[in-house]
Amino acid sequence: MNDYERIPEIHPDLPADAVAVDECGEDLCTLTTTAKICVAPAYHARGFTSAPNAVQVRTTVRDALHRAALGLPTGLFLLVWDGLRTLQTQREIAQRFAISLRLCADEKERETLFQRYVSPLPKSLAQFTRQPPPHATGGAVDLSLCDADGNSLDLGAEFDQFDENAWLTWFEHRCSNPRSSRADNKRRRLRRILYWAMVGAGFAPYAWEYWHFELNTRAAAAFYHRDVAAYGPAVPWSGNSGD
């Protein structure tokens, strides 16, 4: 698989509801910056009060990230922004995004955008156990590419830039125009490199965010046509998480 191959279209609504959860009990670990991975907790840097200055994931996710990083061309490195989230952080993200959507006058559009970019908060312990938000499992990561100094490269959208520029295949379509810019073609190339490195390591992508990938979650199981996910909740249930 070369780094110039087209990113395929991913169905935005994977049948994850049909996937059962059979928690494997795998440990969490804290990611550290290595020769090919730079860890830069984005929500902490942006002042989210509940977000720690660290990124935690399951141990298998850590190992898969190292495999993905080793598959990158010389001079490119993984830049990991986020991993495990508590429900408190998930709620804070939802609240901030809801505030930003107030500028959108169309109620239906607001609802669509919210469902696309923010995982719903579970309203009960039973729902949390059956349908945990991906980042609450320790199996989801948000990441991009950087240079040797940890400087984020231009892949066409900033972290949590919730518009069409963030869509996984946006630049596949944009660059189908022979008049597309050199900058856009470079963004497409970098997205392809990231996509194939992550999928090659066993991760599943997300259609609306080029930076979001999952391993052993319900969505990942659906992407790979499996009936059971190995990762359930890896953070405590918070009874007011549906507020």
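The values are calculated or read from the model by the stated rules, or taken from the named source; none is laboratory data. This structure is a prediction, so every number in the text was calculated from the model and none was measured. Because the Cβ atoms are built from the backbone with ideal geometry, glycine has one as well, and the counts that use them run over all protein chains shown. Accessible surface is based on the protein model in full, side chains and every heavy atom, while ligands, DNA and RNA are left aside. Shrake-Rupley method; radii C 1.70, N 1.55, O 1.52, S 1.80 Å.
Going through the stretch 119-137 one residue at a time, which ones are in contact (Cβ under 8 Å) with a residue 60 or more places away in the chain, more than 22 Å from Arg191 (Cβ to Cβ) and open to solvent by less than 40 Å² (accessible area, probe 1.4 Å)?
Leu121, Pro122, Phe128, Pro132, Ala136, Thr137
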- Query: Scanning for something modelled with pLDDT under 95 and within 20 Å of Glu214 (Cα to Cα), does the stretch 63-74 turn up at least one residue?
  - Reply: yes
- Report, by residue number, each residue of the stretch 1-52 that is open to solvent by 50 Å² or more (accessible area, probe 1.4 Å), within 30 Å of Arg174 (Cβ to Cβ) and small (Gly, Ala, Ser). Ala45
- Query: List the pairs whose first member sits in the stretch 47-74 and is more than 11 Å from Leu28 (Cβ to Cβ), whose second member is of a type in the set (Val, Ile, Thr) and open to solvent by less than 70 Å² (accessible area, probe 1.4 Å), and whose Cβ atoms are under 6 Å apart, counting only residues at least 6 apart or on separate chains?
  - Reply: Ser50/Thr89; Ala51/Thr89; Ala69/Ile37
- Query: Which one is nearest to Trp167 (Cα to Cα), of the residues in the stretch 192-217 that are touching an Asp or Glu at 6+ places or on another chain (Cβ under 8 Å) and charged (D, E, K, R)?
  - Reply: Glu209
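Per-residue answers, yes or no, for (1) open to solvent by 50 Å² or more (accessible area, probe 1.4 Å); (2) at pLDDT 95 or above; (3) among the β-branched types (Val, Ile, Thr); (4) on the phi > 0 side of the Ramachandran plot:
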position	(1), (2), (3), (4)
Gly139	no, yes, no, no
Ser144	no, yes, no, no
Ser152	yes, yes, no, no
Asp184	no, yes, no, no
Arg192	no, yes, no, no
Tyr195	no, yes, no, no
Arg226	yes, yes, no, no
Pro233	no, yes, no, no
Ser238	no, no, no, no
- Message: If I ask for residues that are out of contact with any Lys or Arg (no Cβ under 8 Å at 6 or more places or on another chain) and hydroxyl-bearing (Ser, Thr, Tyr), which ones from the stretch 131-188 would you list?
- Response: Ser144, Ser152, Thr169, Ser176, Ser181
- Task: Go through the residues of the stretch 161-173 one by one and say whether even a single one is crowded, with 24+ Cβ neighbours inside 10 Å and more than 19 Å from Ala69 (Cβ to Cβ).
- Result: yes
- Which of the residues that make up the stretch 141-164 are under 15 Å from the mean Cα position of the chain (by Cα), under 22 Å from Leu101 (Cβ atoms) and not in a loop (DSSP other than H, G, I, E, B)? Asp142
- Message: For the stretch 53-88, give me each residue that is open to solvent by 10 Å² or more (accessible area, probe 1.4 Å), more than 23 Å from Pro122 (Cβ to Cβ) and in contact with a helix residue (DSSP H, G or I) (Cβ under 6 Å, 6 or more places away or on another chain).
- Response: Asn53, Gly71, Leu72, Trp81
- Query: Only one residue in Arg91, Arg116 is open to solvent by 30 Å² or more (accessible area, probe 1.4 Å), out of contact with any Phe, Trp or Tyr (no Cβ under 6 Å at 6 or more places or on another chain) and of a type in the set (Lys, Arg), so which one is that?
  - Reply: Arg91
- Reported set for the stretch 212-241 where residues are within 18 Å of the chain's Cα centre (by Cα) and assigned to a strand (DSSP E or B) is His212, Phe213, Glu214, Ala229
- Tell me, yes or no, whether the stretch 29-37 has at least one residue that is under 19 Å from Ala136 (Cβ atoms), of a type outside the set (S, T, N, Q) and in contact with a Ser or Thr (Cβ under 6 Å, 6 or more places away or on another chain). yes
